[in-house]
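Scroll down for the structure; my scribbles are underneath it.
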Amino acid sequence: MFLKVVNPNTTRAMTAKIEACARAVAGPGTRLEAVSPEMGPPSIESHYDEALAVPGLLAEIEKGERDGVDGYVIACFGDPGLDAAREIATGPVVGIAEAAMHTATLLGRSFSVVTTLGRTTGRARDLADRYGMHDSCRGVHACEVPVLALDTDPDARKIVTEACLDALCADGSDVVVLGCAGMADLCARISADLGVPVVDGVTAATLTVQSLVTMGLVTGGKRGEFAPPPPKRYSGMLESFTTIR
Ligand code: 2AL
């Protein structure tokens, strides 16, 4: 099968890290491609960043359809553009927040999310509610390390680890969910250091979409809400997104 992991920000070093984490768990029969869109923000840590990341992300899904991709991962914890991507993709599309939260519910009664900046906690909370995690998600906490500093700040792992420990203590939860794709490479070490399950969404989403493709399942049977969007001519800078073939 052919899976495409889209990092919806344009920082290619982060995409390479995400690709390594996804490849580490993909099965031997899985071909995996990880990409950044050609346009968009270098990191996604506001509602504005998220909105402007979506067109580039959707262009990558559209390209994936032409390339014969069987399933997609959206590798940003805000799950940007997830529903729209599901409309235009033939196969399943899984966001890392939804995959990580669902995985966490299999590992304990409750989980805590540790994300980057405090300003992103509202979005994570909204997603937890949307995914029916109101009871399981005991808290969403920020480590206040910006997305790109996860790679450049020599203390990043220590700071994230301490935030995870604080979250576990404050919430009394069983599991930690890492709230950024840029934390994927920290997961195993933090889990070992804290002795609790720590879930990275890139890993969880890659394995989830691989399972869905293996099971031959597609979003909503590609009918109703998730059928391809009605043909429409888009204008201005969005002209290339026109859905009239
Ligand atoms: C993220 C993420 O996963 N990728 C990105 O650019 N921003 N999430 C976050 N909470 O900051």
Open item on the list: I'd like the Karplus ³J(HN,Hα) series for the stretch 163-176: coefficients 6.51, -1.76, 1.60, θ = phi - 60°, whole numbers in Hz, and an x wherever there's a Gly or Pro.
Closed with: 5, 5, 4, 4, 5, 4, 5, 5, 9, x, 9, 9, 9, 10
Task: Apportionment of accessible area to carbon and sulfur, the stretch 9-78, percent (1.4 Å) - done: 56 percent
Task: Folded to 0 to 90 degrees: helix 12-25 orientation relative to the chain principal axis, Cα - done: 80 degrees
TODO: Give me the orientation-averaged projected area of the Cα convex hull of the chain, in nm², one decimal.
DONE: 12.7 nm²
Task: the stretch 98-200: translational diffusion in µm²/s, Stokes-Einstein, Kirkwood Rh over Cα pairs, 10 °C, 1.306 mPa s - done: 121 µm²/s
Task: DSSP-loop trypsin sites (Lys or Arg not before Pro) across the stretch 148-205, with at most 16 other Cβ within 10 angstrom - done: none
Task: R0 of 41 Å, Cβ-Cβ distance K232-T152: FRET efficiency to nearest 0.05 - done: 0.45
TODO: Report the full-extension gain for the segment T214 to L194: residue separation times 0.36 nm, less the Cα-Cα distance, to one decimal in nm.
DONE: 3.9 nm
Open item on the list: To test your reading of the geometry: what angle, between 0 and 90 degrees and rounded to tens, separates the Cα axis of helix 121-130 from the longest principal axis of the chain?
Closed with: 70 degrees
Task: For the chain, built as a Gaussian network whose Cα springs stay under 10 Å, the top-fluctuating residue of G221, G201, G118 - done: G221
- [ ] Could you provide, to the nearest whole Å², the per residue accessible area of the chain with probe 1.4 Å?
- [x] 45 Å²
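So what is the relative contact order of the stretch 98-200, in percent, for Cα pairs below 8 Å that sit 6 or more residues apart?
Details: 173 pairs, mean separation 35.1, N = 103.
Result for the stretch 98-200 is 34 percent.
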TODO: Loop only per DSSP, at most 14 neighbouring Cβ atoms within 10 Å: give me the GluC sites (Glu not before Pro) in the stretch 9-110, ordered by residue number.
DONE: E38
TODO: Can you tell me the relative contact order of the chain? Whole percent, Cα pairs under 8 Å, sequence separation 6 or more.
DONE: 21 percent
TODO: Would you please give the residues with an amide H less than 5 Å from that of G95, counting only those at least 5 places away or on a separate chain, with H modeled from the backbone geometry?
DONE: I74
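The values are calculated or read from the model by the stated rules, or taken from the named source; none is laboratory data. Just so we're clear, the structure is a prediction, and the values are computed from it rather than from any experiment. Positions of Cβ are generated from backbone atoms using ideal geometry, with glycine treated the same way; all protein chains shown enter the neighbour counts. All accessible areas refer to the heavy atoms of the entire protein, side chains included, with ligands and DNA or RNA removed. Shrake-Rupley method; radii C 1.70, N 1.55, O 1.52, S 1.80 Å.
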